[in-house]
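First the structure, in the form of structure tokens, and then the observations on it.
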Amino acid sequence: MSVSGKREECVGPTSTSPPRFVITTIGGRYLAFEAEYIQGVLTSEDGEFLPAPVVKGMTYRVVDLAVRLNLASERRWDGTEVVLLADGTCRGCVWVQKVHGILEAHRSQVLPLPAQFCGPERGWYRGMVLFDHNVALVMNTAWVLEEQLEGMLSRTELQGTESAVALQGAMESKNQAC
Amino acid sequence: MLRTNGHAQHHAAPQSWHLLVFSVGGRRLAVRTLEVSGISQWREVIPVSGRTPFVSAVVRLNKTVLPVFDLAAALRRTMGGNSRLCLRVKHPLGDTVICIDEEIPVLQTLGLSMIQPYRDRDMPAEGSYAHGQEEVPILAVSKLGMGLW
């Protein structure tokens, strides 16, 4: 496996570079995040985090991915780490059980979700990535941050700013990506 | 891994179906052999959260990842045994695997005259045949997970 050590800086891919993923575990399941959306990883010595960590002046609201993936019963774990995500102006963070590192994958290691999965989960995942003898599901960052974007939209609407139109357009493009 | 039962395939009349007979949670089922890709030992599944009925995991076979159709759950059966088998079938959307009982599947050839409509609606079936007092459904693989039964 070519999972390397943890890095906190964002990894920006080029059109020719192989896809890179941050491999994590949530509820005992391997979940991967596309490295280009990772802003950093927070590690807490005592396992306590603020509900919305602020990093470099940016607030990252918590996305409860365990609940959204129906892993709530498996949610308790030790050694919690937090993955900071950003997609454009939309930010959020995800509590994970463990961050294993970055996987630089060959194209042949990245597979689509089988077509037999025909429910809304097709919008939750971008596919699967193979490593060692395991499979990690690649999360769709747009879906992960969906609630944050909707929250931003609501706040903007309350403020009555003109940027609501732009945000609505952004959200529609996110939904199309799903 | 397979043993034959009844007529050998090469003696079958042209108007016949070649079937693989297996069981899921003790329930006997059949599937046409032309819809079977292979049988192997069952292996650890990788759960996939989602909302597709009876499709909630995958298995990795070397560089291939296949979805698992939970036929036992669809039939409300409980799988037993520690040496379950993996039945790989040809689904229109791509190969799918089904966990079956450890009992070794049996090849069987049936004349078309022995095949009747399947009366129950607990699974998609292409028909059924009588095995003593038991009605054995012939699984319609192409309709698995399609909600068409």
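The values are calculated or read from the model by the stated rules, or taken from the named source; none is laboratory data. This structure is a prediction, so every number in the text was calculated from the model and none was measured. Note that we place each Cβ from the backbone using ideal geometry, even for glycine, and neighbour counts take in every protein chain shown. Ligands, DNA and RNA are stripped out before the accessible areas are found, and what is left, the full protein with its side chains, is counted by its heavy atoms. Shrake-Rupley method; radii C 1.70, N 1.55, O 1.52, S 1.80 Å.
Values computed for the structure shown
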{"read-out": "Percentage relative contact order, region B:21-149, counting C-alpha pairs under 8 Å, at least six apart", "value": "27 percent"}
{"read-out": "B:ASP95 accessible area, assembled protein chains, probe 1.4 Å, Å²", "value": "40 Å²"}
{"read-out": "Separation of alpha-carbon centers, region B:65-124 and region B:26-40, rounded to whole Å", "value": "5 Å"}
{"read-out": "Under the Karplus curve 6.51 cos²θ - 1.76 cosθ + 1.60, θ = phi - 60°, whole-Hz ³J(HN,Hα) for region A:56-69, x wherever Gly or Pro sits", "value": "6, x, 9, 8, 10, 6, 6, 9, 7, 5, 4, 6, 5, 9"}
{"read-out": "Residues of region B:15-43 with amide N under 11 Å of a point placed 7 Å along Cα→Cβ from B:ASP95", "value": "B:36-40"}
{"read-out": "Shielding by other protein chains, B:57-69, mean Cβ within 10 Å", "value": "3"}
{"read-out": "Per-pair calculated FRET efficiency, R0 = 35 Å: B:LEU112 and A:ARG107 via Cβ, rounded to 0.05", "value": "0.15"}
{"read-out": "Overall Cα dimensions of region B:61-149, principal axis frame, Å, largest first", "value": "42, 29, 26"}
{"read-out": "Exposure ranking of A:CYS118, A:CYS93 by accessible area [1.4 Å probe, largest first]", "value": "A:CYS118, A:CYS93"}
{"read-out": "Area buried, chain A against chain B - accessible surface, total, 1.4 angstrom probe, square angstrom", "value": "1800 Å²"}
{"read-out": "Which of A:HIS133, B:HIS131 is most accessible, then next, and so on - probe 1.4 Å", "value": "A:HIS133, B:HIS131"}
{"read-out": "In Hz, Karplus ³J(HN,Hα) per residue of region B:105-116 (6.51, -1.76, 1.60; θ = phi - 60°; x = Gly, Pro)", "value": "x, 10, 7, 8, 10, 10, x, 4, 5, 8, 8, 10"}
{"read-out": "Highest to lowest packing among A:21-29, A:51-59, B:59-67, scored as the average C-beta count within 10 Å", "value": "A:21-29, B:59-67, A:51-59"}
{"read-out": "Charge tally in the Cβ shell below 10 Å around B:VAL136, where Lys, Arg are +1 and Asp, Glu are -1, B:VAL136 excluded", "value": "0"}
{"read-out": "Cβ-defined net charge surrounding B:PRO53, 14 Å radius [Lys, Arg +1; Asp, Glu -1]", "value": "0"}
{"read-out": "Length released on extending from B:ARG28 to B:ARG77, taking residue separation times 0.36 nm less the Cα-Cα span", "value": "16.5 nm"}
{"read-out": "Region B:8-119: translational diffusion in µm²/s, Stokes-Einstein, Kirkwood Rh over Cα pairs, 10 °C, 1.306 mPa s", "value": "105 µm²/s"}
